[in-house]
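Below you'll find the structure, written out as structure tokens, and then a few comments.
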């Protein structure tokens, strides 16, 4: 079950409501789930798809929401057939697969573009780390079961470059910063133009 | 179940065997479980108590065993009544409780010694991070069930200061470096005397 999908549905309904009421209500601040309590119940933490279909993300320990400076921990769930965007980053990233099975697609950082990715099976109770700057994508290749991973990154907040496909040149990949789950906590950088 | 206990038993038997055969065999190098494969099955990874009673440790993603530079991930299991040593470190540390329940004991870094620790319940599907340099201890306060945690640290390899008890001055805490699970991979520092 991806509860994020429900949240996304509720989010869209709220957005319509907000649009209808826009002239009567102050604009809501983006949501930043700050929580300074020492021990947190993960099942009670904020969960959302952040606009990515079939995806759910919880920031378990975050730089912006929980004051981490050197590491962040995420819990992510991907429905059958779902996938992360193709992306790269210069931080370290470790995955621990808690449930399900899937595929790590791993492109090259030495060619001008990611190229045909390696396809590496991942499975419950497996772990892998993504080589720094290698474009990659995680997909749930199972037909029935959710894929749930714990993700650890260094040097938060995440600075992620997104690719449309595996033939897009590295220089054309687009930095999305702050990333979707950090948008509520970190003001978007000012337009330099 | 703590499979580490079995490994420890087997280790002791091997040690006796090695001692008996010492004059006939070359001295074995300390074991360093290097593994450069991209996806690893955690159930097949090296697990040991490293001499800590009722404790089991797996380096899931390590600086010395797997080339991480910024983060490390450990999987640790503590039997009912078992506990980590009282210790502190200047790196960040995040725990995710996968199974069981227990107590986080948290001392002060502002007094001259840890003092009477706060006792904070931890439980399955909870998370907590240890404030940098605060002396702490994790114990399994359940009578029956193992406590299993995933631990994330920054700036590996771990530089850990150990306390005998909560009234030991911070200045008397003893640096153990390399820590027990890194000893096989990192040569002990030379005696400066």
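Nothing in this text is a laboratory measurement; each read-out follows from the coordinates by a stated rule. Because the structure is predicted, anything quoted here is derived from the model rather than measured. Cβ placement follows ideal geometry from the backbone for every residue including glycine, while neighbour counts extend to all protein chains displayed.
Which members of segment B:29-66 meet the condition of being within 14 Å of chain A (Cβ to nearest Cβ), over 20 Å from residue A:130 (Cα atoms) and surrounded by 20 or more Cβ atoms within 10 Å (Cβ to Cβ)? If the condition is that a residue be within 14 Å of chain A (Cβ to nearest Cβ), over 20 Å from residue A:130 (Cα atoms) and surrounded by 20 or more Cβ atoms within 10 Å (Cβ to Cβ), then B:47 is the only one that fits.
Filter segment B:41-66 down to the residues that are without any contact (Cβ under 8 Å) to a residue 12 or more places away in the chain and either touching a helix residue (DSSP H, G or I) at 6+ places or on another chain (Cβ under 7 Å) or part of a strand (DSSP E or B) (or both) and list them by number. Steps first, answer last, please.
Pass one, segment B:41-66, residues without any contact (Cβ under 8 Å) to a residue 12 or more places away in the chain: B:41, B:43-44.
Selection gives B:41 alone.
Looking at segment B:124-155, which of its residues are within 11 Å of chain A (Cβ to nearest Cβ), over 16 Å from residue A:72 (Cβ atoms) and part of a loop (DSSP other than H, G, I, E, B)? Residues satisfying the conditions are B:124, B:125, B:131, B:134.
So which residues in segment A:106-123 are within 13 Å of chain B (Cβ to nearest Cβ) and under 23 Å from residue A:159 (Cβ atoms)?
Initial filter on segment A:106-123 (within 13 Å of chain B (Cβ to nearest Cβ)): A:106, A:117-123.
Once the filter is applied, which keeps residues that are within 13 Å of chain B (Cβ to nearest Cβ) and under 23 Å from residue A:159 (Cβ atoms), segment A:106-123 yields A:106, A:117.
With respect to residue A:109, determine if the residue is touching a helix residue (DSSP H, G or I) at 6+ places or on another chain (Cβ under 9 Å), touching a residue at least 24 places away in the same chain (Cβ under 8 Å) and surrounded by fewer than 21 Cβ atoms within 10 Å (Cβ to Cβ). So that I can check it myself, show each step before the final result.
Details: touching a helix residue (DSSP H, G or I) at 6+ places or on another chain (Cβ under 9 Å): yes; touching a residue at least 24 places away in the same chain (Cβ under 8 Å): yes; surrounded by fewer than 21 Cβ atoms within 10 Å (Cβ to Cβ): yes.
Yes; evaluated as a whole, the condition is true for this residue.
The selection criterion, being more than 8 Å from every other protein chain (Cβ to nearest Cβ), touching a helix residue (DSSP H, G or I) at 6+ places or on another chain (Cβ under 9 Å), touching a residue at least 40 places away in the same chain (Cβ under 8 Å) and crowded, with 21+ Cβ neighbours inside 10 Å, does not hold for residue A:93.
Is one or more of the residues making up segment B:98-109 part of a loop (DSSP other than H, G, I, E, B) and under 16 Å from residue B:151 (Cβ atoms)? Steps first, answer last, please.
Pass one, segment B:98-109, residues part of a loop (DSSP other than H, G, I, E, B): B:100, B:107-109.
Going one step further and asking which of them are under 16 Å from residue B:151 (Cβ atoms), we end up with B:100.
Yes, because at least one residue in segment B:98-109 is part of a loop (DSSP other than H, G, I, E, B) and under 16 Å from residue B:151 (Cβ atoms).
Return the residue satisfying two criteria in turn: it lies in segment B:67-84 and is in a loop (DSSP other than H, G, I, E, B) and more than 22 Å from residue B:123 (Cβ to Cβ), and of such residues it is nearest to the other protein chains (Cβ to nearest Cβ).
Quick first cut of segment B:67-84, residues in a loop (DSSP other than H, G, I, E, B) only: B:67-70, B:79-82, B:84.
So of that shortlist, the ones also more than 22 Å from residue B:123 (Cβ to Cβ) come out as B:67-70.
On the way: B:67: 8, B:68: 6, B:69: 7, B:70: 4 Å.
Within segment B:67-84, the match that is nearest to the other protein chains (Cβ to nearest Cβ) is B:70.
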